[in-house]
Amino acid sequence: MFIVFEGIDGSGKDTIINKISHWLAEQNVAHITTFEPGNVLGGNVRNIIKEHKKLDVEAETLLFLADRKEHIEHVVKPALKLGLWVLQNRYMLSTVAYQGAKGMSVDTIYELFDKFILLKPNICFLLDVPAEVAYQRIRRRGSKIDKFENITYLTIVRKLYLKYAQDWNCKIVDATQRPDDVYKEIRGVLFPLLDDMN
Ligand SMILES: Nc1ncnc2c1ncn2[C@@H]1O[C@H](COP(=O)(O)OP(=O)(O)OP(=O)(O)O)[C@@H](O)[C@H]1O
Ligand SMILES: [Mg+2]
């Protein structure tokens, strides 16, 4: 079971992945949690993108996809083969939304997916919040605001997330709810899937 969590910065992805991971452990469901970008290639892709503020958007997209290809082949597929559930922070829809918001052709992203990546999530949760809410959360968390995180940009990213969510098996979740309510809603969707294992 390949389960992806999407949403703009500060939407609550890590918070919910921790809760779901905890719950799956209680249910004796063997799983891993993982994330993109930068879980492979020593985090180098993430660093390049952070350091080169004016990277060409197509170059940036290809870097993310290179990182993703490596991650899918060497982390996700082996785990799925062992029968583990994979809880993943960010996937293709992040590229569609974040690079799409910078003018990258979404058709080209889809073509690259069809050529090199191919693996679709069984289910995805799009944690949907207005950019202003996410921005306040990031500030409260005390994180440095990086170049991906200004409100105007994140507003466009959010729109693209919502527009393309269906293509990636994403259920849209109102992530302005309290963390516990977000958790209960997602757990409710995953609960019936536990039976499929037996
Ligand atoms: N439903 C919620 N309501 C209010 N605050 C929340 C909620 N979910 C998470 N938070 C808080 O908002 C901040 C961002 O959450 P989190 O780090 O889980 O988001 P994220 O999507 O992983 O962000 P990023 O993409 O920047 O890593 C954290 O301080 C977290 O405690
Ligand atoms: Mg996070």
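Got a sec? Which of 57, 45, 40 is more than 18 Å from the chain's Cα centre (by Cα) and either surrounded by 17 or more Cβ atoms within 10 Å (Cβ to Cβ) or closer than 14 Å to residue 95 by Cβ (or both)? Break it down into steps so the answer makes sense when it comes.
Numbers: 45 fails: more than 18 Å from the chain's Cα centre (by Cα); 40 fails: more than 18 Å from the chain's Cα centre (by Cα).
So the residue among 57, 45, 40 that is more than 18 Å from the chain's Cα centre (by Cα) and either surrounded by 17 or more Cβ atoms within 10 Å (Cβ to Cβ) or closer than 14 Å to residue 95 by Cβ (or both) is 57.
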- Message: I'd like to check something: does the range 9-16 contain any residue that is modelled with pLDDT of 95 or more, touching a Leu at 6+ places or on another chain (Cβ under 7 Å) and basic (Lys, Arg)?
- Response: yes
- Query: Applying the selection to the range 18-36, what residues are under 12 Å from the mean Cα position of the chain (by Cα) and either among the aromatic types (Phe, Trp, Tyr) or more than 12 Å from ligand 2 (Cβ to nearest atom) (or both)?
  - Reply: 34, 35
- Is it fair to say residue 77 is charged (D, E, K, R) and closer than 17 Å to residue 123 by Cα? yes
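Would you confirm whether any residue within the range 2-17 is under 17 Å from the mean Cα position of the chain (by Cα) and over 27 Å from residue 175 (Cα atoms)? Talk me through it step by step, then tell me what you get.
The first filter runs over the range 2-17 and keeps only residues under 17 Å from the mean Cα position of the chain (by Cα), leaving 2-17.
Going one step further and asking which of them are over 27 Å from residue 175 (Cα atoms), we end up with none.
No, the range 2-17 contains no residue that is under 17 Å from the mean Cα position of the chain (by Cα) and over 27 Å from residue 175 (Cα atoms).
Using the structure shown, decide if residue 116 is more than 30 Å from residue 27 (Cβ to Cβ), loosely packed, with under 15 Cβ neighbours inside 10 Å and among the hydrophobic types (A, V, I, L, M, F, W, C). Step through it out loud before you land on a result.
Details: more than 30 Å from residue 27 (Cβ to Cβ): yes; loosely packed, with under 15 Cβ neighbours inside 10 Å: yes; among the hydrophobic types (A, V, I, L, M, F, W, C): yes.
Yes, satisfied.
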- Query: Which one is surrounded by the fewest Cβ atoms within 10 Å (Cβ to Cβ) among residues in the range 5-15 that are under 20 Å from residue 71 (Cβ atoms) and within 11 Å of ligand 2 (Cβ to nearest atom)?
  - Reply: 14
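Taking the range 40-54 on its own, how many of its residues are assigned to a helix (DSSP H, G or I) and under 9 Å from residue 67 (Cβ atoms)? Working first, answer last.
Initially, the range 40-54 is screened for residues assigned to a helix (DSSP H, G or I), giving 41-51.
This time we only want the ones that are under 9 Å from residue 67 (Cβ atoms), so: 41, 44-46.
Qualifying residue count for the region: 4.
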- residue 128: surrounded by 19 or more Cβ atoms within 10 Å (Cβ to Cβ), acidic (Asp, Glu) and either at pLDDT 95 or above or more than 22 Å from residue 35 (Cβ to Cβ) (or both), yes or no? yes
- Query: Among all residue pairs at least 6 apart or on different chains, which show Cβ distances below 7 Å where the first residue, located in the range 1-12, is within 6 Å of ligand 1 (Cβ to nearest atom) and the second is assigned to a loop (DSSP other than H, G, I, E, B) and at pLDDT below 95?
  - Reply: 9/148; 9/149
- Can we say residue 80 is within 17 Å of the chain's Cα centre (by Cα) and closer than 30 Å to residue 192 by Cβ? no
- Item | One residue from 153, 91 being closer than 14 Å to residue 7 by Cβ and either at pLDDT 95 or above or more than 15 Å from the chain's Cα centre (by Cα) (or both) | 91
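Looking at the structure I just gave you, is residue 80 in contact with a helix residue (DSSP H, G or I) (Cβ under 8 Å, 6 or more places away or on another chain), among the hydrophobic types (A, V, I, L, M, F, W, C) and surrounded by 15 or more Cβ atoms within 10 Å (Cβ to Cβ)?
Numbers: in contact with a helix residue (DSSP H, G or I) (Cβ under 8 Å, 6 or more places away or on another chain): no; among the hydrophobic types (A, V, I, L, M, F, W, C): yes; surrounded by 15 or more Cβ atoms within 10 Å (Cβ to Cβ): yes.
Here the answer is no, as residue 80 does not meet what is asked.
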- Query: Of the residues that sit in the range 16-30 and are assigned to a helix (DSSP H, G or I) and exposed (fewer than 15 other Cβ atoms within 10 Å of the Cβ), which one is farthest from ligand 1 (Cβ to nearest atom)?
  - Reply: 26
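The values are calculated or read from the model by the stated rules, or taken from the named source; none is laboratory data. All values reported here derive from a predicted model rather than from experimental measurement. Positions of Cβ are backbone-derived with ideal geometry, glycine not excepted, and every protein chain shown enters the neighbour counts.
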